[in-house]
């Protein structure tokens, strides 16, 4: 009788620990790695021929928004197509629990703008068979999953539950009793299996605002409230914090003070989101990296989550909202398509729309590309930058963009290139205190394919740029995020560990072109980028992807407390 359910045979094993690669076999039994070494094919019920392929630990994605999509897509695509075997949900303080039944509609509307998840998809695809956060986790557990899921306790729903939505969004300090109730809910969420808590703190002019253009509750929450939540992790001696913060007028010192105070209060790891190289201003990421190094010298576990993908943003003005940190753009892109069209056509608004963005999404309007025009008489503008189109027509680039969008009935597709494409800046970002990402999986799916970052890390950083070894890359894609986020026994290939394994063809691995697919509930669509070169992906010992196609197996688990 065979000893193993599966033998992964004759692969080049990179175990995720940074140790050198070696040829070997892996025997899988009951969802775990039972043996690594030299195993005969007849010892397995099945054999996976991995000759000529890399055999590595499954990739772990710490920044996703699959909280809704997990209910209709067990493979959490596009992440599941790119070797990701485990994800963390509930990032940025956003989530769907606790939510009272009468507030479900409003909770879904919030996510239509802050993370650009289509309302019709949520309405059709979410069961809403929960109210509390523990009940939400129970629902996730019984939902078929192709990947493992680790949940944050998101802070925004806690604030709304205790304070009421209007008060939570008012910016006032919670009362002592309200703090006590929110802390109690956080304890409850952690006891049910949460891995920590998350919050977005972007201020009054949030780039990811509520559906009505107002800040999210966490955008304007007080540091004192954050400290109360940090103390919960200290009391429990478990969990970690994911927090995004854009400083106010007090600037960079505000980041230092807030994060270091939370690190001291919690004694737990904190992920700073996000560090991104801006080609136009490298001092920004250099200052953040220097600060994180100072934190390391102080013994504070503050890690920088990198935007390490070169994926840009593809959009039309039907639904574009990622310039919301500019009040003029936010107001102009609110409302129905017809209302947007009317506002963008208004010449009296144009002056306020012509200042270049802050840089997180678009470095300069000049560089935005006109990708596709529907009107036949305007096709000559395709593939021009806005600067080139403006020069051709004697207009400011913003006038060229908006005149075209309005004349084309808001159907023109634009492309904003990634703001940090210089290789020398990317090399500066990667060190032992920074993590690769941010995929934003499940969010902004009409604009962005960040879930490709894992494949891109191998093809771009290793194969093309030679900026790190494969051993280093697979530590960064698996073991490092697992250690930071409290995953138990995952992130490395070792005997006794869950068999989350990726087998791929290094020389022929590639990211395929962007496609538009109509595969979401509610007859909605999204942009995707698939991969080519993944021989197999195993989650808990079962093959979920074979030769780049999903198998139908759904062995994923809810990882309460990371395990």
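Rule-based calculations on the coordinates, nothing more; no lab input. Note that the coordinates shown come from a computational prediction; the quantities given were computed from them, not determined experimentally. Here Cβ is always computed from backbone atoms with ideal geometry, including for glycine, and neighbour counts include all displayed protein chains.
Take every DSSP beta bridge whose two residues both sit in the chain, then give the antiparallel share in percent to the nearest 5.
50
Measure nothing fancy, just the Cα-based angle from helix 397-407's long axis to the longest principal axis of the chain, in degrees from 0 to 90, nearest 10.
Relative to the chain, helix 397-407 is tipped by roughly 90 degrees.
Among 246, 33, 84, 39, what is the fewest-to-most ranking by other Cβ atoms within 10 Å?
Numbers: 246 17, 33 25, 84 30, 39 21.
Exposure proxy ranking, most exposed first: 246, 39, 33, 84.
Using only Cα atoms and rounding to the nearest 10 degrees, what angle (0 to 90) does helix 223-236 make with the longest principal axis of the chain?
10
If the chain between residue 519 and residue 104 were fully stretched, how many nm would it gain, using 0.36 nm times the residue separation less the Cα-Cα distance?
Values: separation 415, 0.36 × 415 = 149.40 nm, distance 2.34 nm.
Fully extending the segment from residue 519 to residue 104 adds 147.1 nm.
List the extent of the Cα atoms of segment 116-163 along each of their three principal axes, largest first, rounded to whole Å.
Taking the Cα atoms of segment 116-163, the three principal extents are 35, 24, 19 Å.
Once R0 is set to 51 Å, what does the formula 1/(1 + (r/R0)^6) return for the Cβ-Cβ distance between residue 234 and residue 377, expressed as a FRET efficiency to the nearest 0.05?
0.20
Relative contact order for segment 480-563 using alpha-carbon pairs under 8 Å, separation at least 6, rounded to a whole percent?
Relative contact order for segment 480-563 comes out at 26 percent.
What order, most packed first, do the peptides 554-562, 452-460 have when packing is the mean number of other Cβ atoms within 10 Å of each residue?
The most tightly packed comes first, giving 452-460, 554-562.
Ranking 4, 152 by Cβ neighbours within 10 Å, fewest first, what do you get?
Values: 4 22, 152 27.
Fewest-to-most ranking of 4, 152: 4, 152.
Could you work out [θ]222 nm for the chain from helices alone, using -39500 (n - 2.57) per DSSP H run of at least four and dividing by all its residues? Round to the nearest 500 deg cm²/dmol.
-8000 deg cm²/dmol
Hey, what did segment 399-539 get for relative contact order, percent, Cα under 8 Å, at least 6 apart?
The normalised contact order for segment 399-539 reaches 19 percent.
Could you tell me how many degrees, from 0 to 90 and to the nearest 10, lie between the Cα long axis of helix 104-114 and the main elongation axis, the longest principal axis, of the Cα atoms of the chain?
The answer is roughly 80 degrees.
At a threshold of 8 angstrom on Cα-Cα distance, excluding pairs fewer than six apart, so keeping six or more, what relative contact order does the chain reach in percent?
Computed value for the chain: 22 percent relative contact order.
In whole angstrom, how far apart do the alpha carbon centroids of segment 403-430 and segment 96-110 sit?
33
Give the Kirkwood hydrodynamic radius (Å, one decimal) of segment 452-563, defined as one over the mean of 1/r across all pairs of different Cα atoms.
15.8
Kirkwood-based Rg over Rh for segment 372-436 (C-alpha set), two decimals?
That ratio equals 1.22.
Quick check of the Kirkwood formula: for segment 318-361, what is the inverse mean of 1/r over all pairs of different Cα atoms, in Å?
10.7
Could you compute the FRET efficiency for residue 211 and residue 495, with r as their C-beta to C-beta distance and R0 at 51 Å, rounded to 0.05?
Numbers: r = 50 Å, r/R0 = 0.97.
After rounding, the FRET efficiency stands at 0.55.
Any idea how far apart residue 141 and residue 469 come out in nm if each label point goes 7 Å out from Cα toward Cβ?
Inter-label distance under the simple model: 4.2 nm.
Binned at 10 Å from 0, what are the whole-percent values of the Cα-Cα distance distribution for segment 289-399, short to long?
12, 34, 29, 12, 10, 3, 0
Measure out, as a whole number of angstrom, how far apart the alpha-carbon centroids of segment 490-533 and segment 141-183 sit.
Spelled out, the Cα-based centre of one part sits 31 Å from the other.
What Rg and what Dmax come out for segment 110-233 when only alpha-carbon atoms are used, in angstroms?
15.0, 42
Can you pull a Stokes-Einstein diffusion coefficient for the chain at 37 °C (0.692 mPa s), Rh from Kirkwood over Cα pairs, as a whole number of µm²/s?
Answer from the Stokes-Einstein relation: 135 µm²/s.
Just to confirm my numbers, what's the Cα centroid distance between segment 269-289 and segment 334-388 in Å?
Cα centroid to Cα centroid, the span is 27 Å.
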